[in-house]
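A.B. asks: Take a look at this one; I'll ask things after.
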Amino acid sequence: MSSLIEIRNLRVCFGIIEAVRGISLRLEEGEVLGLVGESGSGKSVTALAVLGLLGPTAQTGGEILWRSGANGARVDLLKQPASALRRLRGREMTMIFQEPMTALNPVMTIGRQVAECAEAHASGWTRREAKRKAIAALEAVAIPDAARRYGDYPHQFSGGQRQRILIAMALINRPRLLIADEPTTALDVTVQAQVLELLRDLQRQHGLAMLFISHDLAVVGKVASRVAVMRRGEILETGASQQLLTHPEHVYTKSLLAAVPTLRSDRNQPLARVNGAAAGAT
Ligand SMILES: Nc1ncnc2c1ncn2[C@@H]1O[C@H](COP(=O)(O)OP(=O)(O)O)[C@@H](O)[C@H]1O
Ligand SMILES: [Mg+2]
C-alpha cells in the first residue's frame, strides 16, 4: 500500500526567497517521522504546505500526495481547492504549534473550545454529547479534575496544561495525521518531558501518524522512529533516529546534537555554533 503521505520534490518560494528547495519525504500510516534543522531551515513552511496554510504569497512546486481514507486513492494536496483542504484539516489531519496561549481563544472556556472542535466536524452532536466527549478528551490528556475545570479560561492553566488542552483538541476527531511543530519548545524541561511522553503514548494508542518538528535532535529522537535533517530548504540526510543520534553522517547533524547544552557542558566554553548562528536561537 502507498504511504499515507508522500512529498515529492516540494518547492516553496516567497518571491525571491526559496524557503523549501525540492524536498522528498514519506510518512507511513502510524509512523512518527521527525523533521529537524536549525531555525529558518524550512521546517514550518513544509508543515504549512502539507496543511494548505501557506497563504497567497507562496509559490509551490512538486507534489504532496495524500492517501484518502475513503477509497485509498491519492490526491495532490497542492492542487486541492481550499474547501477540500478545510474539510481535511481538523478531521483527518490536525496540528499543534509552539505557542499554546496564542492558539487558544482567551475569552472562551477551554471546555467550549474542545467541544467546538468535536461539533465542527461531527454532524449531529448535541451540546451535551459534545460536552461529554470534551471532558473525556481532557481526561485523556491528564487534565486533573476535567469536569470541574471545563468552565475555566486558558489563563487559569499552566503552559504545559494549555499544550495538553491543544493536544486534546487536535486528537478529539481521531485524525490520521498529527503535525506537531515545536510543540514543547516553549515549555520548561520537566514539563517538556511529560508532554513528549503524553504525545508518544497517545500516538501509539491511536496508531496515529505524526510529523514531529523540532530544532532539537535530542527531543526528536525521543519520539520519532525516523528523522529527516533539514538545512536551508533541503534535506541533508534521513535515517533511523537511533542511527542518527549515535552515528550522524553529516557534520551539520552532529552540530545539531552538539548544540544542546547539558548540565555537564563546560560553561566556560562557548556554545557550539550551528551554521554560523548562535545555537539555541529559534
Ligand atoms: N510568509 C513568508 N514570507 C516570506 N518568507 C517566509 C514566510 N514564511 C517563512 N519564510 C522564510 O522561509 C524560511 C524558512 O522558514 P521556516 O519554515 O519558518 O523555518 P523553520 O525551520 O525555523 O520552521 C525562512 O527564511 C523564513 O524567513
Ligand atoms: Mg518553525
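So that you can scan it fast, the table gives a plain yes or no per residue for (1) in contact with a Phe, Trp or Tyr (Cβ under 9 Å, 6 or more places away or on another chain); (2) within 16 Å of ligand 2 (Cβ to nearest atom); (3) of a type in the set (D, E, K, R); (4) within 17 Å of Met93 (Cα to Cα):
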{"site": "Ser44", "(1), (2), (3), (4)": "yes, yes, no, yes"}
{"site": "Ala49", "(1), (2), (3), (4)": "no, yes, no, yes"}
{"site": "Arg67", "(1), (2), (3), (4)": "no, no, yes, yes"}
{"site": "Ala70", "(1), (2), (3), (4)": "no, no, no, yes"}
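Residue-by-condition table, conditions (1) under 21 Å from Glu28 (Cβ atoms); (2) more than 16 Å from ligand 2 (Cβ to nearest atom); (3) modelled with pLDDT under 85:
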residue: Ala186; (1), (2), (3): no, no, no
residue: Val195; (1), (2), (3): no, yes, no
residue: Leu198; (1), (2), (3): no, yes, no
residue: Leu211; (1), (2), (3): yes, no, no
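A.B. asks: Only residues that are at pLDDT 90 or above, within 22 Å of the chain's Cα centre (by Cα) and under 21 Å from Met93 (Cα atoms): list them for region 117-139, please. I'd like the intermediate steps shown before the answer.
C.D. replies: Pass one, region 117-139, residues at pLDDT 90 or above: 131-139.
Going one step further and asking which of them are within 22 Å of the chain's Cα centre (by Cα), we end up with 134, 137-139.
The answer is Ala134, Ala137, Leu138.
A.B. asks: Check Ile135 against each of (1) within 26 Å of Leu211 (Cα to Cα); (2) surrounded by 14 or more Cβ atoms within 10 Å (Cβ to Cβ) and name the one condition it does not meet.
C.D. replies: Condition not satisfied by Ile135: (1).
The values are calculated or read from the model by the stated rules, or taken from the named source; none is laboratory data. In this text, all values refer to a predicted model and were calculated from it rather than measured experimentally. Note that we place each Cβ from the backbone using ideal geometry, even for glycine, and neighbour counts take in every protein chain shown.
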